[in-house]
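What follows is a short report on a single structure.
The values are calculated or read from the model by the stated rules, or taken from the named source; none is laboratory data. Predicted model only: the values in this text are computed from it and were never measured. Quick reminder, even Gly has a Cβ in these numbers, built from the backbone with ideal geometry, and neighbours come from all protein chains shown.
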Amino acid sequence: MKYKLFLIIFLSMALVSAFGFENENLPKLNPPTISGSDLTGNITQDNIYGGMWYHNHTATEFDFTDGVYMQTPMPNATHLNGFGHEENDILVGSNLTAQVSGVYQATYMASGSGQNNHVYYTSIFVNEVNKYNCENHKKMSAGGDIFTQSGNCFIDIEVGDKISIRTADIGDSGTAYLYSANLNLVRIGN
């Protein structure tokens, strides 16, 4: 792919120079150069990415059981290129389903409120497996305060994998409220 792009740009510039189509009013191209397997210069590409989100000013109530991760609902998926979106139910959760394998950068956030002195863990799950390198913790200092948990990490994804955000109340059970959430995945390599 890199070599084809270089060849197209190189041949285009050679034709312009050979036939005298250069124009002093046009900007000069900075063609990509290839050295070994490295590509330098300017390039525009179409990445593989997926995103889903949720927002509700009045919040959605969840009843947590101690240590059980609950999937975050995200019924909106407006940017999908290499992913499918599954919305099971507002209290069941959502998934992005991978159509292309690779290493992905995951960024996410979830905003909510919970019980005084409860500890909440939020993480990325691939299928039913918690990706601990993506997990973060928050201990509520005052019940009812709205807080945001966010994170970013690299994860390996295979075709058909289902990616979600999940939260657990660790050490306690009780009611918590979700106001917003967002998950973005961008493929960065094989």
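Worth pointing out:
- Those residues of the stretch 142-190 which are acidic (Asp, Glu) and more than 17 Å from VAL129 (Cα to Cα), in sequence order: ASP145, ASP169, ASP172
- Out of PHE21, PHE6, sole residue that is surrounded by 16 or more Cβ atoms within 10 Å (Cβ to Cβ) and at pLDDT below 75: PHE6
- Test: residue in the stretch 147-155 that is more than 13 Å from MET109 (Cα to Cα), touching a residue at least 12 places away in the same chain (Cβ under 8 Å) and over 14 Å from the mean Cα position of the chain (by Cα): no
- Of all residues in the stretch 101-121 being of a type outside the set (Ser, Thr, Tyr) and surrounded by 16 or more Cβ atoms within 10 Å (Cβ to Cβ), the one that is nearest to the chain's Cα centre (by Cα): ALA106
- Taken over the stretch 44-59, the criterion of being part of a strand (DSSP E or B) and β-branched (Val, Ile, Thr) is satisfied by THR58 alone.
- Exclusive hit being modelled with pLDDT of 95 or more and closer than 21 Å to THR60 by Cα, set SER111, SER101: SER111
- In the stretch 61-89, the qualifying residues are those that are closer than 16 Å to LEU183 by Cβ and β-branched (Val, Ile, Thr), and the one that is surrounded by the fewest Cβ atoms within 10 Å (Cβ to Cβ) is THR78.
- For the condition more than 26 Å from GLN45 (Cβ to Cβ) and touching a residue at least 24 places away in the same chain (Cβ under 8 Å), ASN88 does not qualify.
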